[in-house]
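Below: the structure, in structure tokens.
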Amino acid sequence: MMKFYKTEENRMQTLDAFESRCWIDLVNPTDDEVEDVVSLTGIPEELLKAALDEEESARVEVDEGATMYIVDSPMLVDTEDGDTYTTIPVAIIYNPKCIVTVSLNTDPVLAGFVSNRFRVSTGKPVGFVLSFMLENVKRFSSLLKQIDKKSLRLQAELHKSMRNQELIELLELQNSLVYFSTALSANSTVHGRLSRLESVMNNPDYQDLHEDVLIETKQAVEMCSIYRDILKTTMDAFSSVISNNVNDVVKRLTIITILVAIPTLIAGLLGMNVKLPFGLDSISGSPWEFWVILGICVVLTAVFSIVLVKMTASVKIRTPKQVKKKRRRD
């Protein structure tokens, strides 16, 4: 999809065709659209197709009088399993003729430029780039807050019941934070290159805008790092809880197995067609034979159950608070 825009009377207006100093917005363009832009603007085809690779890293490139900035932009994608967070590369290319943006999907920041929610001028390419980068970083911060809120909600649900769905969603959030962290680090390198532009160094407004970009980027990196560490710690904690729960279930099943094996063993020994020791043959054929054997099973099972309960009770995992209290008593 290819659309033309131009700033007129301090507002973004839609054009029917290419004009000088306009903005061409390409969203997942076809080969024919790319060829048309090449013929209209003179921008090399390699630059226009760079952002169409999902794995393209953030960078700056200058070729044949055209300057290209590729940055990673955060995206909220609706899927069958729910919302997922990812990043896509967005290229902003400009030369004396126009500005061209290229992306695989509609970018929310660029959509904000079109709707005049964010004011930019197509006649000032550097200001356009700086404005995009500032709003792009702010969107990172906004989505990071959404991730944190979603993480807290999932943790609250996991406290009530351990389900795989919540754990899978937490894992996806952790992966999203990894993508965001990598993207912000790569974007920081591109932001640093902007400070070397003569147009930025000689323009106080651009300097202030660039400083805002750096400040917002630093805050977003710190937020991402904090949320990532918290989520990693949370996942480790829930993994330990699940492991403890499994161990507890296995312990209970082991005790039950041992207790059930005792009467089975006794019944097997007394049921053998051989002479039994300890005068047990004397009860054979007695009307009390069944009750005697049942009594022996009950008594031995009760004794072993008491022993096993005491053994398991003696092995306790103390919490940090309990350890501190014990030290104070000692």
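Could you list, in sequence order, all residues of region 244-261 that are touching a residue at least 12 places away in the same chain (Cβ under 8 Å) and closer than 13 Å to LEU308 by Cα?
Hits for region 244-261 are LYS251, ILE255, ILE258, LEU259.
Is at least one residue of region 50-61 assigned to a helix (DSSP H, G or I) and either within 30 Å of GLN146 (Cβ to Cβ) or at pLDDT 90 or above (or both)?
Yes, region 50-61 contains a residue that is assigned to a helix (DSSP H, G or I) and either within 30 Å of GLN146 (Cβ to Cβ) or at pLDDT 90 or above (or both).
Cβ-Cβ distance below 9 Å, separation of 6 or more or different chains: which pairs start in region 3-20 with a residue that is without any contact (Cβ under 8 Å) to a residue 12 or more places away in the chain and end on one that is acidic (Asp, Glu)?
none
Filtering region 6-30 down to residues that are crowded, with 16+ Cβ neighbours inside 10 Å and among the hydrophobic types (A, V, I, L, M, F, W, C), which residue is nearest to ARG117 (Cα to Cα)?
MET12
Working carefully through the options VAL120, VAL102, VAL109, VAL129, find the one that is in the same structural domain as LYS218 (by TED's automatic domain parsing), aliphatic (A, V, I, L, M), in contact with a strand residue (DSSP E or B) (Cβ under 9 Å, 6 or more places away or on another chain) and in a loop (DSSP other than H, G, I, E, B).
So the residue among VAL120, VAL102, VAL109, VAL129 that is in the same structural domain as LYS218 (by TED's automatic domain parsing), aliphatic (A, V, I, L, M), in contact with a strand residue (DSSP E or B) (Cβ under 9 Å, 6 or more places away or on another chain) and in a loop (DSSP other than H, G, I, E, B) is VAL120.
Restricting to region 13-26, name every residue that is modelled with pLDDT under 90 and either of a type in the set (Gly, Ala, Ser) or touching a helix residue (DSSP H, G or I) at 6+ places or on another chain (Cβ under 7 Å) (or both).
Matches in region 13-26: ALA17, PHE18, SER20.
Being surrounded by 13 or more Cβ atoms within 10 Å (Cβ to Cβ), under 22 Å from the mean Cα position of the chain (by Cα) and at pLDDT 90 or above narrows it down to one of LEU134, LEU143, so name that one. It would help to see each step written out before you state the result.
Working: LEU134 fails: under 22 Å from the mean Cα position of the chain (by Cα).
Just a single option satisfies the conditions, and that option is LEU143.
I need a count of the residues in region 115-131 that are in contact (Cβ under 8 Å) with a residue 60 or more places away in the chain and either buried (at least 18 other Cβ atoms within 10 Å of the Cβ) or closer than 22 Å to LEU184 by Cβ (or both).
8
In region 86-109, which residues are crowded, with 21+ Cβ neighbours inside 10 Å and within 13 Å of SER176 (Cα to Cα)? If you could, list the steps in order and put the result at the bottom.
Filtering region 86-109 for residues crowded, with 21+ Cβ neighbours inside 10 Å gives 87, 89-94, 98-103, 107, 109.
Matches in region 86-109: THR87 only.
Quick test for you: out of GLU54, GLU45, GLU33, GLU61, pick the one residue that is more than 24 Å from SER142 (Cβ to Cβ) and surrounded by fewer than 14 Cβ atoms within 10 Å (Cβ to Cβ).
GLU45
For the condition at pLDDT 90 or above and not hydroxyl-bearing (Ser, Thr, Tyr), what is the one hit in GLY82, GLY112, GLY42, GLY65?
Working: GLY82 fails: at pLDDT 90 or above; GLY42 fails: at pLDDT 90 or above; GLY65 fails: at pLDDT 90 or above.
Of the residues listed, the single one that is at pLDDT 90 or above and not hydroxyl-bearing (Ser, Thr, Tyr) is GLY112.
The values are calculated or read from the model by the stated rules, or taken from the named source; none is laboratory data. No experiment lies behind these values; they were computed from the predicted model shown. Ideal geometry is used to build each Cβ from the backbone, glycine not excepted, and the neighbour counts take in all protein chains shown.
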